[in-house]
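All remarks here apply to the structure that follows.
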Amino acid sequence: MPRRAASHRDHFRDYPTIRDEMRTADNQPRADLADLFATLSRFGSGELLARSERLTRAARELGTHYAVVDDQLVDDGEWQLDVLPRVLAADEWVLLERGLIQRARAFNAYIADIYGPQRILHERAIPHEIVLSDPAFHRQLAGLPAPNGSYAPVAAMDLVRDETGRWHILENHFSTPFGIAYALQSRRMLAQAFPELFATVDVAPLAPFTAQLAELLRARSPRPNPHTVLLCRGEDNQSYFEESFLARSLGIAMVQPGDLLVREGRVFLKTIRGLEQVDVIYRRIESSSIDPIAFGSSRFQGVPGLVNCVRKGTVAVVNAVGSGVADNRAILRYSDQIINFYEHEKPLLKTVPTFTCRDRDQAEHVRQNLSSMALKPIHDLNTMQKYYGKILDLTGERDLRPALAKHPELLVGQPLLTPSHAPRFQDGEFVSRSVFLRAFVLLGESPVVLPGGLTRQALAAKEGPRLTIMMGGIKDTWVPAAGSGTAATFAPGAAAPEAAGEEFSIGSRVAETMYWMGRYLERAENTARQLSTLEALRWDALGSDALRLYWPLWRAVAISTDQSMRSHQTPPPDLAKLTRALVLNVQQPASVHACVRAAITNAAAIRDIITPELWQALNQLGIKLADADKRPQSISRARLREICQVVVDEAQRVSGAAERTMLHDEAWQFFRVGGWLERAIDTLAVLQALVGPEGRKLLGRIEDETDLIALLRVLCSLDAYRRTYRSRAYLDRVIKLMLGHPHNPSGVSHCLQHLRQALANLEAHRDVGPANRLHDELTRLEEASHSLDPTNILTREDCDVLGELRQQVEGLHTRLEDTYFSHQHAYTTDGQITLAFR
């Protein structure tokens, strides 16, 4: 008896019979996609919804977001990745690759020519006024060298496939091409959420592209192991996800302008060990903001003197400063001439007809056909706002029609083509939506095109009046492996890398950020753990006598979190209100939720350093707290305790992710330094509030076994006490355990010991004066905490012994800051910084 066929669902029964890239006019799968759609039909709509929700959840946990960046406008939203990929035919992709490489080569030559002999202008191949009036053309960059004559080795182009199946170029991106990380992350996410689909097509891999990009950057310098950094604005930039993803994938530091400085014609990175020379800069900020000396005032800080270093050849910038001249939409009309002029070939890919409104006749044509035209500024809105903000209103609804009358030279018009469509799973069914493509090219010795690129898809049946690729949802883009060439080499004159490259120090800003991330996470976990333990005592069930006994302990924990709690001398009527504030009130800087937010903010600033596993664990903690904080006033005490336990569990998961997945290098050591210092301060704060002079006045005597056991539980040291003393609890022994025991994880001596070891690892095999002094200070404090006499602490009324020790431990922060973050110690002798020439 034949085996019964598996149940299949016809998801496309009501699919519209229009021209579709992946289905034929009679609503059948494209021949080469029969297996893909057959596999898709094995899953019901419910299962597809679950897969789609898995993609959304993963994106939220990873902190992945997108932004509309064509016009440099922030429009953050959830990652809307479709469960169905876009699959391009192999033969079609071969033609696209050839056309993209041809175009990238031609426009790279165009940039070199414009900043060089300007042959194309002398021979009148294109109008000179378009180029010379371009705000992206900077005369001060004329003659600026580029390694191997490659001005824009990383390029991107936007394409649209019209309803007849022909491909057209919409725009060029040669200055700071955006979107590579989105394509790579989409592939990873879909492979995890829907692996069954990948068995139907032999998909060309994307992973080699980052290695090829790394080699391209390395080849920009003659050094065998150049020091390469990625320069960006920081985490407030809309493309920060892309930049952090690329920096982490490339294994290079992501820096901001303030992290770099120029000395004696070289660029240096401020690191925890001083200044280290930088050889290659992967630029992710616009040219006009990169150097305030070369370009005058800028909204962004920039690196003063950087352009002069480029001119001297001591540093290479990729893409070259000034490459934005190839992004001018006004020269799109002359793309064919540019390709023919430099490549001596006919263009393989046509450009969407573009009308430059600087020309009166072309402007009049645009005006007469506005209903079927897309108006665009000649550059992205960020550039336009910078140079023409006072005369050109590009805010609000971005209606450019008034500008067409006043400043036509700043606009171009493109006819609204009817783009091709592809299926998209949306609201439980497949619908037909238009698709656009951004392709990426690396111009090395053997040029490479990222197989597939980045597909954006409209979410609505009718698009808006502007024709743009960066819109709506995202689709993973597949190219059959047989149709893609991924091998490439980038070695134009550069020496082969050594077996083990030189190890570079981390930047001071990165070290400080890791340090504070460790402190905030430890502070959140300490408070949550302590409050969870106290809530287990069931305050609402305790009598007045029991409350008077336990209140000093609760107050000590509260004071260690928030000093304003000192004003509470007696138990308030509603302890739950205070507990909710200490856990969920984000306006209270030391609350659990505020500390978790601060830890996430710090982590977000260094996503190139931390691992995706660590970020995901920390982001999940933030999501769970945010979900719990939606109606804080209605949260019961039992729920508060559950929330505290969630924080403790998730914080432990974050620490485990850091321990297991991060390289145990300098960055990880500073994460540990922050955690150990915070734990030591917290233990001292609780003890000081409880048994210091002020606490003793309120407390009287605390000798009861039950009270001391509660204290040990709050400080996570009950088992440590039992194993150490094997007796009932005595206050002097509890103090000795919490101060001087070298193996009690919550003890001050233990924390200082690990803090000293972490710093010793940072300074291994180095004789650094300030670091040695810090090491000596830690040793002294460790010995002091070990030798303190509990009797002296409990009987002296003239001074606060614990308060003095706590003040000295807190003072370690200033020493750390001077030694590793601000480098104030570097100016204590002759006022000069030693340069790390190599």
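The values are calculated or read from the model by the stated rules, or taken from the named source; none is laboratory data. Here the structure is a predicted model, which means the values were calculated and not measured. Using ideal geometry, Cβ is built from the backbone for each residue, glycine included, and neighbour counts are taken over all protein chains shown. For accessibility, only protein heavy atoms count, side chains too; no ligands or nucleic acids. Shrake-Rupley method; radii C 1.70, N 1.55, O 1.52, S 1.80 Å.
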Inter-residue pairs, beta-carbon under 6 Å, first crowded, with 19+ Cβ neighbours inside 10 Å and hydroxyl-bearing (Ser, Thr, Tyr) and in region 622-636, second at pLDDT below 75 and not in a helix (DSSP H, G or I), 6+ apart: none
Matching option when the condition is modelled with pLDDT of 85 or more, open to solvent by less than 30 Å² (accessible area, probe 1.4 Å) and closer than 30 Å to ASN761 by Cα, among LEU684, LEU712: LEU684
Residue count for region 572-594, restricted to those that are open to solvent by less than 30 Å² (accessible area, probe 1.4 Å), in contact (Cβ under 8 Å) with a residue 24 or more places away in the chain and part of a helix (DSSP H, G or I): 8
Which numbered condition PRO117 misses (of (1) free of Cβ contacts under 8 Å to residues at least 24 places away in the same chain; (2) part of a strand (DSSP E or B)): (2)
Per-region count, region 171-202, residues open to solvent by less than 10 Å² (accessible area, probe 1.4 Å) and among the hydroxyl-bearing types (Ser, Thr, Tyr): 2
Hits in region 620-639 - residues which are within 13 Å of ASN585 (Cα to Cα), assigned to a helix (DSSP H, G or I) and at pLDDT below 80: ALA628, PRO632, GLN633
Top-ranked residue in region 546-571 [being among the basic types (Lys, Arg) and at pLDDT below 70; ranked as surrounded by the fewest Cβ atoms within 10 Å (Cβ to Cβ)]: ARG566
Output for region 46-73, where each listed residue is modelled with pLDDT under 75 and either among the polar types (S, T, N, Q) or more than 20 Å from the chain's Cα centre (by Cα) (or both): THR64, ASP71, GLN72
Test: residue in region 147-170 that is touching an Asp or Glu at 6+ places or on another chain (Cβ under 6 Å) and open to solvent by 10 Å² or more (accessible area, probe 1.4 Å): no
Residue match in region 779-795 (condition: exposed (fewer than 12 other Cβ atoms within 10 Å of the Cβ), out of contact with any Leu (no Cβ under 6 Å at 6 or more places or on another chain) and not in a helix (DSSP H, G or I)): no
Selection count, region 720-756, where residues are free of Cβ contacts under 8 Å to residues at least 24 places away in the same chain, within 44 Å of the chain's Cα centre (by Cα), open to solvent by 10 Å² or more (accessible area, probe 1.4 Å) and more than 14 Å from LEU778 (Cα to Cα): 2
Residue in region 203-214 that is under 22 Å from ALA58 (Cα atoms), of a type outside the set (Ser, Thr, Tyr) and surrounded by fewer than 22 Cβ atoms within 10 Å (Cβ to Cβ) present: yes
Selection count where residues are open to solvent by less than 90 Å² (accessible area, probe 1.4 Å), at pLDDT 75 or above and of a type outside the set (Ser, Thr, Tyr), scope region 11-20: 4
Extreme residue, modelled with the lowest pLDDT, among residues of region 276-306 that are closer than 19 Å to SER221 by Cα and in contact with a Phe, Trp or Tyr (Cβ under 8 Å, 6 or more places away or on another chain): GLU276
PRO85 surrounded by fewer than 20 Cβ atoms within 10 Å (Cβ to Cβ) and in contact (Cβ under 8 Å) with a residue 40 or more places away in the chain: no
Selection count where residues are closer than 14 Å to LEU684 by Cβ and loosely packed, with under 15 Cβ neighbours inside 10 Å, scope region 809-820: 2
